[in-house]
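What follows is a set of notes on a single structure, which appears directly below.
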Amino acid sequence: MYKQQLSTDAQSTEFDEAVMGRLIRFVSSHEVGHTLGLPHNMGSSIAYNVEDLRDPEFTKKFGTAPSIMDYARFNYIAQPGDGDVA
């Protein structure tokens, strides 16, 4: 997922097409999960530790939560010096 919280581009109400595409895919996948009967899985928010969420290689491979049914769309743990954290 794009690092919206660190991007100055994301601090406005207009997103470029690539960012909007990622957001739409995430929300669509989440809602398809509901259509299939899956509930929210907020427990997955605590599955990854802080060090992993600040590691660009980890977040690129695993994202910010192990479940699409969580609301962990953005990596709020990331800091500006962390590099390209997803």
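Key figures
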{"item": "Likely footprinting exposure, L23, L53, fewest C-beta neighbours within 10 Å first", "result": "L23, L53"}
{"item": "Simple Cβ-charge dipole of the stretch 4-78, Lys/Arg +1 and Asp/Glu -1, about Cα centre, in debye nearest 20", "result": "180"}
{"item": "Fewest-first ranking of R25, R73, using other Cβ atoms within 10 Å as the exposure measure", "result": "R25, R73"}
{"item": "Amide H within-cut-off set for N75, under 5 Å, with H built and near neighbours excluded", "result": "Q4, Q5"}
{"item": "Estimated distance in nm for a label pair at D16 and Y76, the labels positioned 7 Å out from Cα along Cα-to-Cβ", "result": "2.6"}
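We did not get these values from a lab; they are worked out from the coordinates using the rules stated. Just so it is clear, the structure is predicted and the values come from calculations on it, not from any experiment. Here Cβ is always computed from backbone atoms with ideal geometry, including for glycine, and neighbour counts include all displayed protein chains.
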